[in-house]
1. Only residues in the stretch 25-45 that are farther than 18 Å from G73 by Cα count as the first member; pair them with residues that are among the aromatic types (F, W, Y) and exposed (fewer than 12 other Cβ atoms within 10 Å of the Cβ), Cβ under 6 angstrom, at least 6 apart or cross-chain, and list the lot.
2. For the stretch 1-42, which residues satisfy the criterion of being of a type in the set (V, I, T) and exposed (fewer than 11 other Cβ atoms within 10 Å of the Cβ)?
3. Considering only the stretch 25-39, I want to know if a residue exists there that is within 14 Å of ligand 2 (Cβ to nearest atom), under 12 Å from the mean Cα position of the chain (by Cα) and of a type in the set (S, T, Y).
4. Could you check the stretch 36-62 and list, in sequence order, the residues that are at pLDDT 95 or above, assigned to a loop (DSSP other than H, G, I, E, B) and more than 19 Å from M1 (Cα to Cα)?
Amino acid sequence: MREGRCLCGAVRFAADGEPKWTSYCHCQSCRRHTGAPVSAYAGFEAAKVRFTGDLSTSDSSPGVRRGFCGRCGSTLT
Ligand SMILES: [Zn+2]
Ligand SMILES: [Zn+2]
């Protein structure tokens with residue numbers, strides 16, 4: 001199991017098993033979302049990921065919904 005949380009701890013997540021994929025992305029949308037030149041991602045089956053707390057979301061482009069902590073601003077999904 002993999003576990004993590006945002007900077008302030010208001011949003012936590014846990015994922016079971018191995019990720020289906022991992023990747024880096026440096027597209028303009030990811031750079032703007034994170035404020036970083038490159039981001040690392042791990043993709044899991046949705047049924048194997050659990051969030052606790054209030055995960056805020058925004059639709060950044062067609063078919064893409066990004067998740068973040070509405071309290072501290074940490075980017076999460
Ligand atoms: Zn937070
Ligand atoms: Zn990207």
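The values are calculated or read from the model by the stated rules, or taken from the named source; none is laboratory data. Every value quoted in this text rests on a predicted model; they were computed, and no experiment measured them. Note: ideal-geometry Cβ built from the backbone for every residue, glycine included; neighbour counts use all protein chains shown.
1. Taking only residues 6 or more apart or on different chains, the pairs are G43/W21.
2. Of the stretch 1-42, the ones of a type in the set (V, I, T) are 11, 22, 34, 38.
T22 - this is the single residue of the stretch 1-42 that is of a type in the set (V, I, T) and exposed (fewer than 11 other Cβ atoms within 10 Å of the Cβ).
3. Within the stretch 25-39 (the criterion being within 14 Å of ligand 2 (Cβ to nearest atom), under 12 Å from the mean Cα position of the chain (by Cα) and of a type in the set (S, T, Y)), the answer is yes, since at least one residue qualifies.
4. Of everything in the stretch 36-62, those that are at pLDDT 95 or above, assigned to a loop (DSSP other than H, G, I, E, B) and more than 19 Å from M1 (Cα to Cα) turn out to be A36, P37, V38.
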